[in-house]
Amino acid sequence: MFLTFRKHVEQLLAEALEKCQYPSNDLALTVKPGYADLTSLIAFKLAPVLKLKPQEIAQNVAEYLGADELVALAQTAGPYINFFVSNDYLRHTISTVLQADRNYGGIDAKGVVILEHTSANPNGPLHIGHIRNSVIGDTLKRCLQQAGYRVETQYYVNDMGRQIALVVWGIMNFALTEGKKSDHATADIYVKANAEVELHPTKLVEVRQLMQRFESGDQDVEWLFKDAVEFCLRGINQTLKNLHVAHDRFVWESEFLDDIDGIIAELRSHGVTECDGSTHVDLSPFGISKNLVVRRSDGTSVYATRDIAYHVWKAGRCNRMIDVLGADHRLTALQVGKVLELLSINAPEVVFFEFVSLPEGSMSTRRGHFISADEVLEKVTEKAYEEVDKRRPTLSEDEKRAIAQAVGIGATRYDMVRVSADKSMVFDWNEALDFERQGGPFLQYAHARATSILTKTTFDNQYEPDLLTDEYEVKLIKLCALFPAVIEDVTTNFSVSALAAYARELAEAFNQFYRFMPVLSAEPAMSRARLALVTCARIVLRNVLNCLGIEPVDSM
RNA sequence: GGGCCCGUGGCUUAGUCAGGAUAUAGCACCGGCCUUCUAAGCCGGUGGUCGAGGGUUCAAAUCCCUCCGGGUCCGCCA
């Protein structure tokens, strides 16, 4: 509803400006809670142009602004022009939410999105850095779907690099740890292989041979690689499932080997040069001084070229192509994007996120220095179980387990999107295990409270919305109205942390409403009106939680 | 050495792209609220020269320059 309001105000303002014969290319609308529902700073912008005082301009414009169905009041406050929503706006918000229900938050987005995320090398389990990628990616998927897009998520599987060759070589030389989850067992092998190779660099020859045999199409070696990758991926997939992350498709890098010649041929007319037998692309026209090698002098392919081929393939199958990548891929992504542009293909939209490190420093799968997602999930769920057990001792064991699971995953996922993606994070066990703050469980709690009220009565859809005039009620309705605008923001700016913040505000507003506005014990008419609002708030809370991949529990 | 990202109360953090009215929350700390729909909650309070210094502007956390601190990238690795 807020989007409608904003569009409406834009129109009113443009008309008023026209009547004043003022230019109207920038309406300078901003939202500043505490002052108004929407504010225009247009008077400031026009002051130097018109050589008039801002206050005067605001006054002149306001002459042509009046109240209507959506706008209760448009008034100046010095140079500011403030717009306030009407009762109709509030009424419409509630009815819209109740009617749209699960679809509330949709913004009529059309088309297919291919969203690549996680894509961790299958040489070990996902650690807490990888799942920042997974959670951001999966949250985007859910938001894009809520917006209306058809979304296909892809995991790009590196099945032929040096790292996988090392794993394969390790499997050939060391015994797999018995009884371990496959991805963890793979990491053990990988760590051993790295240590061994570091100690005896001559053994690298064997690893290199494996890579060459793979690329030359040696069936036996291909199977070894495939087995190793699938083995590790099974474990990774289990972790993702536990995190409520599901990929629609796993795309194997080696599938693009055949496309490389064609792509290099097509690049011939766009600044490709040969140098000592290898093939380079000159990206200096784009301000990248270093040439990008697209084929080695021994004729074998490089990762970058396969990645380009992958993106060419994706581009042909969707309207929007989005990648979620660690900030260390910034240069690579830029290079890939520029080469795609040379091929007349739009570069992907890339969402970067900064690193997650440990208090003692950065993580390294190679050295076995990392905290796995499995370990975090396990400990957090365990802690959540203690909390449930403490608060709800009468619940059955199954119920406690289920709630602990939902709360643990919710807390973990929320922590991953809470802070802006371009801020690096230091993982802290105390923080991860602390539920006494406005995190995932806080949101779930608000939802559980709303559900609790609704299970104690029936809502027959008969209500008088105009009774909802208290500040807590109005605040809650206004926040519900904002949800589609938040979805729009996430789908255009990928600001998942804004979604997290919105969820927190919504839950807070509901908790305030819950504290001060009795629902079941109110007068019948008031009770029905508040019941409508609880139903509405629960829908929005549930949809927000779904977008965050956090289970909206009915009880906790 | 060069590129990119970050630097906001003791700690974590919003706002920075599109400069405007009292700088956002949480944790911690202090004080209140459970005979009333789940206290994983609510209300109030203490605490900030927005890394430093210049500049642009009627107006700067936000834009420009310099510097400092932290991270990261700069492979015929993936």
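Just so you know, all these numbers are worked out from the coordinates, no wet-lab data involved. Bear in mind that the values here come from a model prediction, so they are computed numbers and not experimental data. Cβ atoms come from the backbone with ideal geometry, glycine included; neighbour counts cover every protein chain shown.
What the phi angles of segment A:339-350 give under the Karplus curve with 6.51, -1.76 and 1.60, with θ = phi - 60°, is a coupling list of 5, 4, 5, 4, 8, 6, 10, 5, 5, x, 7, 10 Hz, glycine and proline written as x. Anisotropy class assigned to segment A:151-196 is oblate, per the alpha carbon gyration tensor with a/c at or over the 1.5 cut-off and a/b no larger than b/c.
The modelled label-to-label distance between A:Ser289 and A:Arg208, using points 7 Å beyond Cα along the C-beta direction, is 3.0 nm.
Under 8 Å for C-alpha pairs, at least 6 residues apart: give me the relative contact order for chain A, rounded to a whole percent. Mind dumping the intermediate values first?
Numbers: 908 pairs, mean separation 90.9, N = 556.
It rounds to 16 percent for chain A.
Qualifying GluC sites (Glu not before Pro) in segment A:33-118, where qualification requires a DSSP coil assignment and no more than 12 other C-beta atoms within 10 Å, comprise A:Glu63, A:Glu69.
Taking the DSSP beta bridges with both ends in chain A, the antiparallel portion is around 50 percent.
Pull up the cross-link candidates among the aspartates and glutamates for A:Lys241, meaning alpha carbon to alpha carbon under 19 Å and not fewer than 8 places away within one chain. Cα-Cα hits under 19 Å: A:Glu116, A:Asp138, A:Glu152, A:Asp183, A:Glu230, A:Asp374, A:Glu375, A:Glu378, A:Glu382, A:Asp415, A:Glu551. Hey, could you get me the Stokes-Einstein D for chain A, Kirkwood radius over alpha-carbon pairs, 4 °C and 1.567 mPa s, rounded to whole µm² s⁻¹? Here the translational diffusion coefficient equals 49 µm²/s. Loop-resident trypsin sites (Lys or Arg not before Pro) (DSSP state other than H, G, I, E or B) in segment A:10-81 with no more than 15 further Cβ atoms inside 10 Å of their Cβ: A:Lys51.
Taking the centroid of alpha carbons for each part, segment A:271-285 and segment A:192-253 are 30 Å apart.
Compared with the dominant principal axis of the Cα atoms in chain A, helix A:303-315 is inclined by about 40°. Close amide H contacts of A:Leu73 (hydrogens built in the peptide plane, cut-off under 5 Å, sequence separation of 5 or more or a different chain): A:Phe84. Database remark: amide H of A:Ala522 closer than 5 angstrom to no amide H (H placed geometrically; neighbours at sequence offset of 5 or more, or on other chains; Pro and chain starts carry no H). Label zone (A:His270, point 7 Å along Cα-to-C-beta; backbone nitrogen cut-off 19 Å) within segment A:330-370: A:331-350. Fewest-first ordering of A:Arg449, A:Arg418, A:Arg392 by other beta carbons within 10 Å of each residue's beta carbon gives A:Arg392, A:Arg418, A:Arg449. Taking the C-alpha atoms only, the angle from helix A:182-199 to the longest principal axis of chain A is near 50 degrees. Exceedance of the 23 Å cut-off in Cα-Cα distance is limited, within the set A:Lys290/A:Lys314; A:Lys141/A:Lys423; A:Lys110/A:Lys423; A:Lys226/A:Lys290, to A:Lys290/A:Lys314; A:Lys110/A:Lys423; A:Lys226/A:Lys290. How high is the FRET efficiency between A:Val112 and A:Ser216 when r is their beta carbon distance and R₀ equals 45 Å, given to the nearest 0.05? Rounded to the nearest 0.05, the efficiency is 0.80. Taking amide H as placed 1.01 Å from N in the peptide plane, A:Val157 has its amide H under 5 Å from the amide H of A:Val251, A:Trp252, A:Glu253, each at least 5 places away in sequence or on another chain. Taking each DSSP H run with n ≥ 4 as -39500 (n - 2.57) and averaging over every residue of chain A yields -17500 deg cm²/dmol at 222 nm. The distance from the alpha carbon centre of segment A:81-148 to that of segment A:368-422 is 22 Å, rounded to a whole number.
Computed over segment A:1-67, relative contact order equals 28 percent, with contacts defined as Cα pairs under 8 Å that lie 6+ residues apart.
In plain terms, the chain from A:Lys379 to A:Trp223 could stretch by 52.5 nm, reckoned as 0.36 nm per residue minus the Cα-Cα distance. The angle separating the long axis of helix A:204-215 from the principal Cα axis of greatest extent in chain A is about 70 degrees. Is the C-alpha gyration tensor of segment A:393-552 telling us rounded, prolate or oblate? Criteria: a/c under 1.5 is rounded; beyond that, a/b larger than b/c is prolate, otherwise oblate. Oblate is the answer for segment A:393-552, as a/c is 1.5 or above yet b/c matches or exceeds a/b.
For segment A:145-247, applying the loop criterion from DSSP together with a ceiling of 11 other beta carbons within 10 Å to the GluC sites (Glu not before Pro) yields A:Glu178. Multiplying the residue separation of A:Val49 and A:Ala175 by 0.36 nm and subtracting their alpha-carbon distance yields 37.7 nm. Taking 22 Å as the straight-line reach from the Cα of A:Lys32, the lysines in range (excluding those fewer than 8 positions away in the same chain) are A:Lys7, A:Lys45, A:Lys475, A:Lys478.
Which shape class, rounded, prolate or oblate, goes with segment A:418-493 when its Cα gyration tensor gives a ≥ b ≥ c as root eigenvalues, a/c under 1.5 marks rounded, and past that a/b bigger than b/c marks prolate? Cα axes put segment A:418-493 in the oblate bin. The calculated FRET efficiency for the pair A:Lys423 and A:His369, based on their C-beta separation and a Förster distance of 22 Å, comes to about 0.50.
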